[in-house]
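The structure appears right after this line, and notes come after that.
The values are calculated or read from the model by the stated rules, or taken from the named source; none is laboratory data. All of these numbers come straight from a predicted model, not from anything done at the bench. Cβ placement follows ideal geometry from the backbone for every residue including glycine, while neighbour counts extend to all protein chains displayed.
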Amino acid sequence: MPFLKSTPTDLRFDLQLISSWVESESTVLGLGCGEGELLHHLKISKNARCTGIEIDESKVSKCVEKGLTVIQGDISEEMEDYADKTFDYVILSQTLQQIYDPAVIIRSMLRIGHKGIVSFPNFSHWVNRFQLLLTGKAPVSSQLPYQWHNTPNIRVITIKDFRKYAREVGFHILQEVAINTDNNDKSGRRIRFLTNLRATYGIFLIGG
Amino acid sequence: MIGSWFQLKFHTRFQVSEYIEHDEHGPSVGIVKKRFLHLDGLTLDNGQNLASATIAYEMYGRLNSRKNNVVLICHALTGDCHVAGYYSREDSKPGWWEFMVGPGKGIDTDRYCVICSNVLGSCMGSSGPASINHRTKTPYGLKFPLITIGDMVSAQKVLLDHLGVQKILAVVGGSVGGMQVLEWSIRFPDRVATAIPIATTPRHSALAIAFNEVGRQAIMADPNWNQGDYYSKKPPDLGLAVARMIGHITYLSDESMRLKFGRRLQAKSDFSYNFEADFQVESYLHYQGKKFVERFDANSFLYITKAADYYDLGREHGAGSIVDAFAKSRARYLLISFTSDWLYPTYQSREMIKAMKKSGLEVSFCEIEAGWGHDAFLLPNEKLTSMIAGFLNNAFSEIDSH
C-alpha cells in the first residue's frame, strides 16, 4: 500500500485506510458519518453508493448539501429497517467508544452488511499508559482529547481487548491494521510491531 | 407599512435598471405571468369526467433541449401557482416561495425550469367549485366533483405532457404539496427522478382531520354558505375567516406564538372587559381571517381540506401498507420535517423513512430545528435552502451525465 506514506487528499489518515479496504462500485452504510468526509470520498473515488446515518441536524444538512444520502437518526434504531445484507460494507468509524451496547450494534452491522469496518482510538497507546502511571490522571491525548467529565466516550477500548471481544461475541476479524497518526490525524503510518503499545488507532475489517 | 417600504425599495431598484431585479432575498425571477391550459375533459379517480377543465400554471427558467431540468413545485392547501416573482412592476408582493426560487437560489432558475400549477379544486385559476359549469352556465358550487390528491397530480401530469416533459428532475412541495409529491412518486414512478416531500405525511392523523373538520363546520354553519350556492350573493366570509383562524393556529407552534405574541395586548394598556380583541394573538388571527376571505373561496377550502383528509398513501397504493405503496416508487427522496410542526410531526416522516428503507429506496432525511411550527417551510431557512440546492445539484449532475 504505497499511498499510505503520502497523503495527497485532505482525508484523515484513518479514513484513507478504511477507504483502501472498500472495493469500487460497492454499497456502503456509514454509521455516525458526521459531515460525510469518508462517504463523499468513497462516492467520488470508488463510485460507491453511500448512505449515512447521523444524529446531528447540522451535520446531516452538511451531508445533504454535498449530495450525500444521509438519514438523521439514532444508528441502532435506523439500522433496524434495512433488509439483511443490504450493504457491502457497514462502517463504524471512531464511534464504538461511544456506544452503550456494542454487541447489538456489531451484530446489526453484520446482519445488514456483508462486512463491517470498525475503528477506534487505542486506549493502551504508550502515551496514555505513561500519563496514568506518571501523573496519576486520566489520560488526555489528541486522539482522546476530553477530560473525564466532558468526554462523550463511555468505553475505553484497546486493540487487544477488541480481538478478545470478537471471540466472545462471535464475529471474525478478517483484516486489521494499527496506525499511528500525526498532524491532526491527517497523516500517519502503519504500525506492525507492538501495535497495542504503539498504535493510536486500530481499524478492523470484520465478518459474521 | 412594511408593504409600502418594500414597494418603495423595489421601485428604486427598478429605476437603476429594469433588467436587474432584486428583492430582500436576492435576485428575483422578475415579472412572471400566470398561464392557462384548457382541456376538453379530465377523467377523475372516481370515474367522473370533468368537462372543459382549466389548469393555471407558472413557469420560470428555461426548459433545456433534453427537457431534463424540470423542477415541479406542488403548492400547499391555500397556495397557488405563483411561486416566485411579481406580476407587474407595481406588484409589491412576490410569490409564496420567493426566498427559495430564483436565479442562484435554492431552486436555481438559471439551471432548472420551475413549473407549478394551481391544484384542481382551488380558486386561483384552475377549475374548482367557483368555476363556471359549462352545462348550466353557473358556478359549480357543490356540483363540482369531489377531487382527490391523485386527481390533482393527474392534472399536473396532463400539463407536463402538454409541455413535452417526460421525466421530472425533482418534484418538491410542503404540507398538502408534500402529499402531492409522494403521490407523484408512486402514481407515476417512471416520470419522477427525485422527490422532496417537506413537512408532510402519508395520511392525516385524527388531529389534522379534527382541525380541518372544525374549519369546514365553521364555513357550513355560516348562513351565507347556503349549501355552497352563494356565488351571486354574499359569501360565507365569517365562516371562512374562522376556518382560516383555526388553520393558522395549526401552522404555528406553542413556542412561536409565545415569542410572537405572548400575552401582549393590541394597542391598549388594559383589558376591555367587553369581548373585543384585546390580545395581539386575537388581533393577528382576525387579520389573517379577514385577509384570507379576500382571496379564497369557501367551497374550495371544503374541497381541498377533504381531499387532504381522505388522502391515504398506503390505502391507495399498497392495500393498506405504506411499505407496499413505496415499493412502487423508483425515486430518490429527500424528506424534511421541522421540530415544532405539530400538524405533521416528525414521527410521520419517520414512518415513511422506515417504509422507504424496507422498499430499498434511497432516502435522505433531516428534521430541521425550527420554532415556527408547520409553516417553517415557508420561512427563509438556510439549512432548508442549502439542502434542497445540494440535493438538486447532485440529482441533476447524475441525470445529465447519462
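Consider A:Ile106 against the criteria (1) surrounded by 18 or more Cβ atoms within 10 Å (Cβ to Cβ); (2) within 17 Å of A:Ser26 (Cα to Cα); (3) more than 14 Å from chain B (Cβ to nearest Cβ); (4) touching a strand residue (DSSP E or B) at 6+ places or on another chain (Cβ under 9 Å): it satisfies all of them except one. Which criterion is unmet?
(2)
Just one of the numbered conditions (1) surrounded by 17 or more Cβ atoms within 10 Å (Cβ to Cβ); (2) closer than 21 Å to B:Leu77 by Cβ is not true of B:Arg350; which one?
(2)
All but one of (1) more than 23 Å from the chain's Cα centre (by Cα); (2) within 30 Å of B:Lys233 (Cα to Cα) hold for B:Phe301; which doesn't?
(1)
Checking A:Ser93 against (1) among the small types (Gly, Ala, Ser); (2) under 23 Å from A:Ser19 (Cα atoms); (3) within 11 Å of another protein chain (Cβ to nearest Cβ), only one condition comes out false. Which one?
Every listed condition holds for A:Ser93 apart from (3).
Of the residues B:Ile388, B:Ile399, only one is more than 9 Å from chain A (Cβ to nearest Cβ) and β-branched (Val, Ile, Thr); which?
The unique qualifying residue is B:Ile399.
I need the full set of residues from the range A:69-88 which are outside any helix (DSSP H, G or I) and either under 17 Å from the mean Cα position of the chain (by Cα) or not hydroxyl-bearing (Ser, Thr, Tyr) (or both), in order please.
A:Val70, A:Ile71, A:Gln72, A:Gly73, A:Asp74, A:Glu80, A:Asp81, A:Ala83, A:Asp84, A:Lys85, A:Phe87, A:Asp88
Can you tell which of A:Asp84, A:Asp56 is surrounded by fewer than 18 Cβ atoms within 10 Å (Cβ to Cβ), without any contact (Cβ under 8 Å) to a residue 24 or more places away in the chain and either within 14 Å of chain B (Cβ to nearest Cβ) or within 17 Å of B:Leu334 (Cβ to Cβ) (or both)?
Only one candidate passes the filter, namely A:Asp56.
When the residues of the range A:33-53 are filtered to those that are among the small types (Gly, Ala, Ser) and surrounded by fewer than 20 Cβ atoms within 10 Å (Cβ to Cβ), which remaining residue is nearest to the other protein chains (Cβ to nearest Cβ)?
Step by step, filter the range A:33-53, then rank; the result is A:Gly34.
I'd like the residue in the range B:152-197 that is touching a residue at least 40 places away in the same chain (Cβ under 8 Å) and part of a loop (DSSP other than H, G, I, E, B) and, out of all such residues, is surrounded by the most Cβ atoms within 10 Å (Cβ to Cβ).
B:Ser175
Suppose we filter B:Asp45, B:Asp40, B:Asp80 for residues that are closer than 17 Å to B:Gly177 by Cβ and acidic (Asp, Glu); which single one remains?
On inspection, the qualifying residue turns out to be B:Asp80.
Name the single residue, out of those in the range A:59-81 being facing chain B (nearest Cβ under 8 Å) and among the β-branched types (Val, Ile, Thr), that is farthest from A:Ile106 (Cα to Cα).
It comes out as A:Val64.
Please specify each residue of the range B:350-370 satisfying the condition of being part of a helix (DSSP H, G or I) and either of a type in the set (Val, Ile, Thr) or facing chain A (nearest Cβ under 10 Å) (or both).
B:Arg350, B:Ile353, B:Lys354, B:Ala355, B:Met356, B:Lys357, B:Lys358
Taking the range B:360-370 on its own, how many of its residues are more than 21 Å from the chain's Cα centre (by Cα) and surrounded by 22 or more Cβ atoms within 10 Å (Cβ to Cβ)?
2
For (1) surrounded by fewer than 24 Cβ atoms within 10 Å (Cβ to Cβ); (2) out of contact with any helix residue (DSSP H, G or I) (no Cβ under 8 Å at 6 or more places or on another chain), each residue gets a yes or a no:
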residue: B:Val83; (1), (2): no, yes
residue: B:Tyr87; (1), (2): yes, yes
residue: B:Lys93; (1), (2): yes, no
residue: B:Trp97; (1), (2): no, no
residue: B:Gly102; (1), (2): no, yes
residue: B:Gly106; (1), (2): yes, no
residue: B:Cys113; (1), (2): yes, yes
residue: B:Ser122; (1), (2): no, no
residue: B:Pro129; (1), (2): no, no
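Here's the yes/no breakdown for (1) within 30 Å of B:Thr136 (Cα to Cα); (2) at pLDDT below 95:
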| residue | (1), (2) |
| --- | --- |
| B:Asp80 | yes, no |
| B:Val83 | no, no |
| B:Glu90 | no, yes |
| B:Glu98 | no, no |
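Hey, among A:Asn153, A:Asn128, which residue is in a loop (DSSP other than H, G, I, E, B) and at pLDDT below 95?
So the residue among A:Asn153, A:Asn128 that is in a loop (DSSP other than H, G, I, E, B) and at pLDDT below 95 is A:Asn153.
Test of understanding: among B:Arg191, B:Arg187, which residue is among the basic types (Lys, Arg), within 27 Å of A:Val70 (Cα to Cα) and touching a strand residue (DSSP E or B) at 6+ places or on another chain (Cβ under 9 Å)?
Going through B:Arg191, B:Arg187 in turn, the sole match is B:Arg191.
Pull up the range B:371-383, narrow it to residues that are surrounded by 24 or more Cβ atoms within 10 Å (Cβ to Cβ) and either closer than 27 Å to B:Asn69 by Cα or within 11 Å of chain A (Cβ to nearest Cβ) (or both), then point me to the one that is nearest to the chain's Cα centre (by Cα).
B:Phe377
If B:Leu334 meets every condition in (1) among the hydrophobic types (A, V, I, L, M, F, W, C); (2) in a loop (DSSP other than H, G, I, E, B); (3) within 14 Å of chain A (Cβ to nearest Cβ) apart from one, which number is that one?
(2)
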